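The values are calculated or read from the model by the stated rules, or taken from the named source; none is laboratory data. Quick caveat: nothing in here was measured; it's all calculated off a predicted structure. No Cβ is skipped: glycine too gets one built from the backbone with ideal geometry, and neighbour counts run over all protein chains shown.
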Amino acid sequence: MVRERTLVVSCKQVSELLSQARERRLTLAERVTLRIHLVLCEGCRNFRVQLGVLHEAVRRFVDRGRGVD
Ligand SMILES: [Zn+2]
């Protein structure tokens with residue numbers, strides 16, 4: 001039952017994991033969980049893309065503010 005619970009996570013949990021993946025290294029179990037969910041869930045795939053675009057935009061903005069070339 002524990003195994004099933006870790007494999008089938010909610011979209012909310014996935015969005016949290018995707019955010020955390022930018023701040024820390026996910027465990028193998030977390031990465032597998034994410035991957036399986038993303039295969040099954042188009043909504044979270046779209047969210048991941050949007051998160052990446054947002055992160056990139058923020059990074060560029062911060063870099064420009066620091067005067068980094
Ligand atoms: Zn989802």
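Condition check: in a helix (DSSP H, G or I), within 16 Å of the ligand (Cβ to nearest atom) and modelled with pLDDT of 90 or more. Does PHE47 satisfy that? So PHE47 fits the description; yes.
The requirement of being surrounded by 11 or more Cβ atoms within 10 Å (Cβ to Cβ) and either within 16 Å of the ligand (Cβ to nearest atom) or without any contact (Cβ under 8 Å) to a residue 60 or more places away in the chain (or both) is satisfied by LEU34.
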